[in-house]
1. In debye, nearest 20: dipole of region 8-56 around its Cα centre with unit charges on the Cβ of K, R (+) and D, E (-)?
2. What ranking of Asp119, Asp150, Asp104 emerges when the number of other C-beta atoms within 10 Å of each C-beta is taken as an exposure proxy, fewest first?
3. Just subtract the alpha-carbon distance of Arg22 and Val58 from 0.36 nm times their residue separation and send over the number in nm, one decimal.
4. Take the Cβ-Cβ distance between Ile67 and Ile98 as r, set R0 to 30 Å, and report the resulting FRET efficiency rounded to the nearest 0.05.
5. Would you work out which of Thr100, Asn114, Gly133 lies farthest towards the positive end of the dipole of region 60-139? Charges go on Cβ: Lys and Arg +1, Asp and Glu -1.
6. Compute the FRET efficiency between Arg81 and Thr122 as 1/(1 + (r/R0)^6), taking r as their Cβ-Cβ distance and R0 = 30 Å, and round to the nearest 0.05.
7. What trypsin sites (Lys or Arg not before Pro) does region 43-93 have in DSSP loop regions with at most 16 other beta carbons within 10 Å?
8. Largest first and in whole Å, give the semi-axes of region 8-56's equivalent ellipsoid, each being the square root of 5 times a Cα gyration tensor eigenvalue.
Amino acid sequence: MDQAQLAPIDVRIIRALHENARSSMSKIASRLGMPESTVRHRLNRLVRLGVIEFAAIVNPLQLGYQIWAQFHVEVELARIRSVAQRLARAPQVYFVGIATGGYDVLVGAVFRTNKELLDFITGPMAKVPGIVGISTSSILEVVKRSMTFDLPEEAARGNGAPARRHPGERRPRRRGAAPIREVQRARPLSRNGSRGSGQTPAHADPATARRRK
C-alpha cells in the first residue's frame with residue numbers, strides 16, 4: 001500500500017482529533033485558524049485515503065468480558081490467509097494478524113467466562129482446516145489500550161512534497177519578506193537638467209524643427 005502524502009495542515013487536523021475526537025469541524029477550524037470548508041475538505045480526503053477511521057471503541061470490561069485471550073496459531077503454509085480470514089469472522093475476535101516467528105497467525109478475542117473460552121477453542125477454532133497447533137494466553141491487566149499513534153517527523157513536514165492550496169485556504173506569508181513595490185522608471189533629464197515628462201521634446205523632432213523654419 002502506498003503511503004498517503006500528508007501536508008502540514010493534515011497533521012494539525014489529525015493532532016486536533018487525537019486530543020478530542022468529538023470536536024466539530026467548526027471548533028477545529030477555529031482552533032487552527034483556518035476556514036471550516038478547508039477542514040472539511042482535508043478531513044474527508046483523509047478518510048477517503050484510509051488515513052483516518054472513525055469508530056466507537058467499547059471497553060469490554062464494562063460489558064462483562066473479563067477474559068482477554070491471545071491465540072498464537074500455527075498454520076499450514078498454504079492456508080495461512082484462509083485461516084486468518086476464517087477466524088476474523090468470529091464475533092468474539094477483535095484482532096487477527098499474520099505474523100512471523102514461532103507462530104503464523106495472532107488472534108485476540110474476549111470472553112465472559114472460561115466456559116466461553118473453552119467452547120471457542122473446541123468449537124469454531126477446531127473446525128478451521130489448516131490449523132496445526134494453538135498456544136493460548138490470557139491478559140491479566142490492561143496497562144495501556146490506545147488507537148492513536150505518534151505521527152512521524154516526515155509526515156509533519158508533509159513528506160517533502162509541496163502541498164496544494166485548496167479553495168478557502170490562505171497562502172502563508174513568509175516571515176521577513178519585504179512587500180513588493182512598483183518601481184517607477186526614472187524620467188530622462190532635459191537639456192536644462194530638469195526631469196521631463198518622458199516624451200520627446202518638440203525641438204528634438206526634426207520634422208517639427210523643419211515646420212518651424
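Readers should treat all values here as calculations from the given coordinates under stated rules, not as data from a laboratory. Note that the coordinates shown come from a computational prediction; the quantities given were computed from them, not determined experimentally. Cβ atoms come from the backbone with ideal geometry, glycine included; neighbour counts cover every protein chain shown.
1. On the way: 9 positive and 4 negative charges, 16 e Å.
With Lys and Arg at +1 and Asp and Glu at -1, about 80 debye.
2. On the way: Asp119 14, Asp150 8, Asp104 22.
Ascending Cβ contact count within 10 Å gives the list Asp150, Asp119, Asp104.
3. On the way: separation 36, 0.36 × 36 = 12.96 nm, distance 1.53 nm.
Once the chain is fully extended between Arg22 and Val58, it gains 11.4 nm.
4. Numbers: r = 24 Å, r/R0 = 0.80.
Working from the Cβ atoms, E equals 0.80.
5. The residue sitting farthest along the positive end of the dipole is Asn114.
6. Approximately 0.80, to the nearest 0.05.
7. Working: sites: Arg45, Arg48, Arg79, Arg81, Arg86, Arg89; in loops: Arg89.
For trypsin sites (Lys or Arg not before Pro) across region 43-93 that sit outside H, G, I, E and B with at most 16 neighbouring Cβ atoms in 10 Å, the list reads Arg89.
8. Values: eigenvalues 48, 31, 18 Å².
The equivalent ellipsoid of region 8-56 has semi-axes of 16, 13, 9 Å.
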